[in-house]
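One structure below.
The values are calculated or read from the model by the stated rules, or taken from the named source; none is laboratory data. As the structure is a prediction and not an experimental result, all values here were calculated from the model. Cβ coordinates were reconstructed from backbone atoms using ideal geometry, including for glycine residues, and neighbour counts include every protein chain displayed. In case anyone asks, the SASA skips ligands and DNA or RNA and just uses the protein heavy atoms, side chains included. Shrake-Rupley method; radii C 1.70, N 1.55, O 1.52, S 1.80 Å.
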Amino acid sequence: MICNLILDFGDIFINLDKPATAREMTKYGFTEITPQLDSLFKEYEMGLVSTETFLDETGRLFPKANRQNLIDAWNAILLDFPLYRLEFLETLVAEKQYRLFLLSNTNVLHIENERKKMGANFNRFEQAFERFYLSYEMEKRKPNLDIFQQVLDENGLEPSETLFVDDTKENTDAASALGIHIWHLKVGLEDITELKSHIP
């Protein structure tokens, strides 16, 4: 029986335009994700480099972009957070049937942007969860198994009683390897509000 839900943030609750950052950065000379950029992005997502360092390093690689250009391009991926999803989440909380946990690969700039944009609704969202796990605070990221293990261990969760929802297959594959039930949500075809039909 499922008692615990671990939910992703991007493209589960907030809509994303995943190619948007690359599209914006073409104005400043971006052509492809190099190993150097990939490493920098992952380090920033794991909180291993500060926002200051991240922007300094990116600025050196793209000197045509000023700091605000870089921030705007980085946040271009973030679209809207439909209110009906927040209301669905709050209904789930009110039912008191499941323990709820958020687990998101994210970074300081994205979270700061959402706090500012969503205002009180961000607080409502955060308070819906028993724990709010963000990769940059954990110094870990999905799909590495240690991030899932930490959530399980810290909260005494049994994998067989836990469902993980994410839009990225490598993340759900990783969770599945630990015995966690999964729903690989297909963006544009499925919605988090259909959750109950995916609970085994």
Enter the accessible area of T91 (Å², nearest 10), with the probe set to 1.4 Å and all protein chains included.
70
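Using the per-residue mean of other Cβ atoms lying within 10 Å as a proxy for protection, in what order, highest first, do the peptides 13-24, 30-41 fall?
13-24, 30-41
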Distance between Cα centroids, the range 137-191 to the range 49-106: provide it in whole Å.
18
Whole-Hz Karplus couplings 3J(HN,Hα) for the range 67-83, θ = phi - 60° and coefficients 6.51, -1.76, 1.60, Gly and Pro as x, run 4, 5, 4, 5, 5, 5, 5, 5, 8, 4, 5, 7, 9, 8, 10, x, 4
Rank-order 119-129, 174-184 by packing density, defined as the average count of other C-beta atoms within 10 Å over each peptide's residues, highest first.
174-184, 119-129
Cα lying deepest toward the dipole's positive end in the range 149-200, options A174, H184, P159, charges on Cβ
H184
Ignoring ligands, DNA and RNA, please state the percent of accessible area on the range 1-54 from carbon and sulfur, probe 1.4 Å.
56
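Go through 4-12, 69-77 and give me the packing order, highest mean Cβ count within 10 Å leading.
On the way: 4-12: 22.4, 69-77: 18.9.
Going from most to least packed, we get 4-12, 69-77.
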Return the lysines within reach of K64: Cα separation strictly under 19 angstrom, same-chain partners fewer than 8 residues apart disregarded; answer none if there are no such residues.
K27
List the trypsin sites (Lys or Arg not before Pro) within the range 59-123 that fall in a DSSP loop (any state other than H, G, I, E or B) and whose Cβ has at most 14 other Cβ atoms within 10 Å.
K64, K96
Carbon plus sulfur, as percent of the 1.4 Å-probe accessible area of the range 69-122, comes to 54
Summing -39500 (n - 2.57) over the DSSP H runs of n ≥ 4 in the chain and dividing by its residue number, what mean residue ellipticity at 222 nm do you reach, to the nearest 500 deg cm²/dmol?
-13500 deg cm²/dmol
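Give the accessible surface of the chain per residue, rounded to a whole number of Å², with probe radius 1.4 Å and ligands, DNA and RNA excluded. Walk me through the numbers on the way to the answer.
Working: 9830 Å² over 200 residues.
Result: 49 Å² of accessible area for each residue.
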Cross-link table K117/K196; K42/K142; K117/K142; K42/K117; K18/K116, entries beyond 22 Å C-alpha to C-alpha:
K117/K196; K117/K142; K42/K117
Take the alpha-carbon positions of the range 1-137, form their convex hull, and give its projected area averaged over all directions (one quarter of the hull surface) in nm².
9.0
